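Peer 1: So that we are looking at the same thing, I have put the structure below in structure tokens.
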Amino acid sequence: MKKPFVSKEKLEEIAAQYPTPFYLYDEKGMRDNAKKVEQAFAWNKGFKEYFAVKATPTPRLLKILKEEGCGTDCSSYTELLMSDACGFKGSEIMFSSNVTPAEDFQLAKQLGVIINLDDITHIDFLEQVAGIPETICCRYNPGGHFAIANDIMDNPGDAKYGMTKKQLFEAYKILQAKGVKHFGMHAFLASNTVTNKYYPELARTMFQVAVEIKEQLGIGVEFINLSGGVGIPYKPQQPGNDILAIGAGVQKVYEEVLTPAGLGNVAIFTEMGRFMMGPYGALVTRAIHAKHIYKEYIGCDACAANLMRPAMYGSYHHITVMGKENARHDHKYDVTGGLCENNDKFAIDRMLPKIDNGDLLFIHDAGAHGFAMGYNYNGKLHCAELLLREDGSVEMIRRAETPADYFATFDFTGLFKNIK
Ligand SMILES: *Cc1c(COP(=O)(O)O)cnc(C)c1O
């Protein structure tokens, strides 16, 4: 069973102060998990997790992760600005962008962050717009299918990211000639993997290439970035990843492939987003309408503009009706938001206890790629984000958007100046 990290009484108390919908994050959960990640890779001296900012771009949460030893992974100008404002320094920021505008490279260079080049043509581009730094990372795409045993995990051959193997070797050669002193390698081959084998298999692929690079070019990469893609179990009966087993799996391959090749000092980096935050955030919404037509609908005060994953990917997000955890799940509902879009459904044909107007719904596992993917369709506004502290207190970490925020980009027209 999936259990909310907050009781009904506490949630009602919070909702009395902050109107629904809102996101609620669990400080204890995220800290405990971050500590476990550190522990899983403690065998590697240079290990660092660079949290993928795009998953949950909320300064207060980034600062908590910073306290737990994480850096950030950015892919845009504003993500770089946010990381800088939160106090992350040069080597604590990875810039894994693609289709990168000149201004973004310029800011990255100015902040002294680790630039991860997505393409071989970006070498000349970066040199022209910002100059080549002493440390650089290259993103690898091995093409084809990425399979574990016979299970196809994903299809890198279809992905827009990274360089071919030939380009990767060429890129290191060119960069070395241009004076680069420290090299890294990055690859992201599958998303939301729920198997302890993904990182070890990815590591083997990358480690073998690192050995070839050393043998053929005499370049010893100093860090290998396994990137994101470690998933979480969205469904209640689904077993989750064991990060300690994943860390041990990577260590085994490291000792098998890198150490004997004289690459025993390579630092392992990760850029997890979902695994770091997914389970530790929930979208909290209230049922405000019940509609009986050809099917049974529960309408709530949140919509796909607050959490897009079900509408966009058909993703499952578990829903707990607060206070009715032990009631019989004998009603079949579509749980919907109010967008004029029929895909605005958090759940379809979901067996739930009888829902009454006013019930609080806790939509699980929305802590990553949740709020962040929100949008303003139908003029719907972004909701607040709240932090449930370890001591049980609650802190607003992002206020809800107001109509005035929504109209802010029309300020030059004067049309909305009386709107609050
Ligand atoms: C999205 C992304 C991540 C994080 O992915 P998760 O699936 O959330 O772990 C890491 N690195 C890069 C370059 C990404 O684009």
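The values are calculated or read from the model by the stated rules, or taken from the named source; none is laboratory data. All values derive from a computational prediction rather than experimental measurement. Using ideal geometry, Cβ is built from the backbone for each residue, glycine included, and neighbour counts are taken over all protein chains shown. Side chains are part of the model used for accessible areas, which takes the heavy atoms of the whole protein and leaves out ligands, DNA and RNA. Shrake-Rupley method; radii C 1.70, N 1.55, O 1.52, S 1.80 Å.
Peer 1: With the full set of protein chains in place, find how many percent of the accessible area of region 354-420 is carbon and sulfur; take the probe as 1.4 Å. Don't jump to the answer; show the numbers that get you there.
Peer 2: Working: 1980 of 3620 Å².
Ligands and nucleic acids excluded, carbon and sulfur reach 55 percent.
Peer 1: Compute, for the chain, the length of the dipole vector about the Cα centre, with Cβ point charges of +1 (Lys, Arg) and -1 (Asp, Glu) only. Units Debye, rounded to 20. Mind showing how you got there, number by number?
Peer 2: Details: 45 positive and 51 negative charges, 93 e Å.
In total the dipole reaches around 440 debye.
Peer 1: Another question, if that's okay. With a 1.4 Å probe and every protein chain kept in, tell me what percent of the accessible surface of region 131-218 is carbon plus sulfur. List each step's numbers first, then the result.
Peer 2: Details: 1820 of 4080 Å².
Using a 1.4 Å probe with all protein chains present, region 131-218 comes out at 45 percent carbon and sulfur.
Peer 1: Based on the Cβ-Cβ distance of Asn357 and Ala408, what FRET efficiency does E = 1/(1 + (r/R0)^6) give at R0 = 45 Å, to the nearest 0.05?
Peer 2: Values: r = 33 Å, r/R0 = 0.74.
That pair, Asn357 with Ala408, gives E of 0.85.
Peer 1: Can you pull the percent of region 1-50's accessible area that's carbon plus sulfur, 1.4 Å probe, other chains left in place?
Peer 2: Details: 1240 of 2470 Å².
Of all accessible area on region 1-50, carbon and sulfur atoms account for 50 percent.
Peer 1: Treating cross-link reach as a plain straight distance, find the lysines whose alpha-carbon is under 23 Å from the alpha-carbon of Lys166, omitting any fewer than eight places away in the same chain.
Peer 2: Lys178, Lys181, Lys214
Peer 1: Let me ask you something else. Angle between the Cα long axis of helix 165-177 and the longest principal axis of the chain, 0 to 90 degrees, nearest 10?
Peer 2: 60
Peer 1: What lysines sit close enough to Lys420 to cross-link, taking a C-alpha to C-alpha distance under 20 Å and skipping anything fewer than 8 places away on the same chain?
Peer 2: Cross-link targets: Lys380.
Peer 1: If you restrict to DSSP beta bridges whose two residues both lie in the chain, what percentage is antiparallel, to the nearest 5? Spell out each step's value before the answer.
Peer 2: Details: 28 of 62 bridges.
Here the antiparallel bridges make up roughly 45 percent for the chain.
Peer 1: At R0 = 41 Å, how high is the FRET efficiency between Arg60 and Lys166 if r is their beta carbon distance? Nearest 0.05 is fine.
Peer 2: In this case the efficiency is close to 0.40.
Peer 1: Take Ser393 and Ser91, extend 7 Å from each Cα along the Cα→Cβ direction, and tell me the distance between the two endpoints in nm.
Peer 2: Placing both labels 7 Å beyond Cα along the Cβ direction yields 3.6 nm.
Peer 1: Peptides 46-58, 19-31, 394-406: what's the order by average Cβ count within 10 Å, highest mean first? Please list the in-between numbers first.
Peer 2: Values: 46-58: 23.9, 19-31: 20.6, 394-406: 14.6.
Packing proxy ranking, top to bottom: 46-58, 19-31, 394-406.
Peer 1: For the chain, what does the accessible surface come to per residue with a 1.4 Å probe? Please give it in Å². Could the numbers behind the result be given before it?
Peer 2: On the way: 18620 Å² over 420 residues.
With all protein chains present, the chain gives 44 Å² per residue.
Peer 1: Next question, about the same structure. Using alpha carbons only, how many degrees (0 to 90, rounded to 10) separate the axis of helix 27-40 from the longest principal axis of the chain?
Peer 2: 20
Peer 1: Separate question: Suppose every Lys and Arg Cβ carries +1 and every Asp and Glu Cβ carries -1, with no other charges. What dipole size does region 86-130 come out with about its Cα centre, to the nearest 20 debye?
Peer 2: Details: 2 positive and 7 negative charges, 46 e Å.
I would put it at about 220 debye.
Peer 1: Below 8 Å, C-alpha to C-alpha, sequence gap of six or more: please give me the relative contact order for the chain in percent.
Peer 2: Working: 880 pairs, mean separation 76.3, N = 420.
About 18 percent, as a whole number.
Peer 1: Quick one: plug the Kirkwood hydrodynamic radius of region 334-420 (C-alpha pairs) into Stokes-Einstein at 25 °C, 0.890 mPa s, and report D in µm²/s.
Peer 2: Values: Rh = 16.1 Å.
Approximately 152 µm²/s, per Stokes-Einstein.
Peer 1: Same structure, new question: What is the distance, in nm, between label points placed 7 Å from the Cα along the Cα-to-Cβ direction at Leu217 and at Asn155?
Peer 2: 3.0
Peer 1: Can you spot the aspartates and glutamates whose alpha carbon is less than 19 Å from Lys197's alpha carbon? Ignore those fewer than 8 places along the same chain.
Peer 2: Glu38, Glu49, Asp151, Asp154, Asp242, Glu255, Glu256, Glu271
Peer 1: Can you give me the C-alpha center-to-center distance between region 140-209 and region 245-282, rounded to a whole angstrom?
Peer 2: Using only Cα atoms, the two centres lie 14 Å from each other.
Peer 1: Per-residue ellipticity at 222 nm for the chain, helices alone: DSSP H runs ≥ 4 residues times -39500 (n - 2.57), over residue total, nearest 500 deg cm²/dmol? Spell out each step's value before the answer.
Peer 2: Working: 12 runs with 117 residues, N = 420.
Helices in the chain give a 222 nm mean residue ellipticity of -8000 deg cm²/dmol.
Peer 1: Take the Cα coordinates of the chain, assign each an equal point scatterer, and use the Debye formula without solvent to give log10 I(q)/I(0) at q = 0.10, 0.14 Å⁻¹.
Peer 2: Results for the chain at q = 0.10, 0.14 Å⁻¹ read -0.74, -1.27.
Peer 1: So how strong a dipole does region 327-420 carry about its Cα centre when Lys and Arg Cβ are +1 and Asp and Glu Cβ are -1, to the nearest 20 debye?
Peer 2: My answer is approximately 200 debye.
Peer 1: Of Lys2/Lys45; Lys295/Lys345; Lys2/Lys28; Lys291/Lys345, which sit over 24 Å apart, Cα to Cα?
Peer 2: As for pairs spanning more than 24 Å Cα to Cα, those are Lys2/Lys45.
Peer 1: Same structure again: As an exercise, use a Förster radius of 35 Å and the Cβ-Cβ distance of Ile174 and Lys3 to find the FRET efficiency, rounded to the nearest 0.05. Could the numbers behind the result be given before it?
Peer 2: Values: r = 53 Å, r/R0 = 1.52.
Here the calculated transfer efficiency is 0.05.
Peer 1: Continuing with this model, one more query. Mind giving me the nanometre distance, one decimal, between the label points for Ile148 and Val129, set 7 Å out from Cα along Cα→Cβ?
Peer 2: So the label points at Ile148 and Val129 sit 3.6 nm apart.
Peer 1: If you rank Phe41, Phe371 by how much accessible surface each has, with a 1.4 Å probe, what is the order from largest down?
Peer 2: Numbers: Phe41 0, Phe371 25 Å².
Sorted by accessible area, descending: Phe371, Phe41.
Peer 1: Angle between the Cα long axis of helix 198-217 and the longest principal axis of the chain, 0 to 90 degrees, nearest 10?
Peer 2: 20
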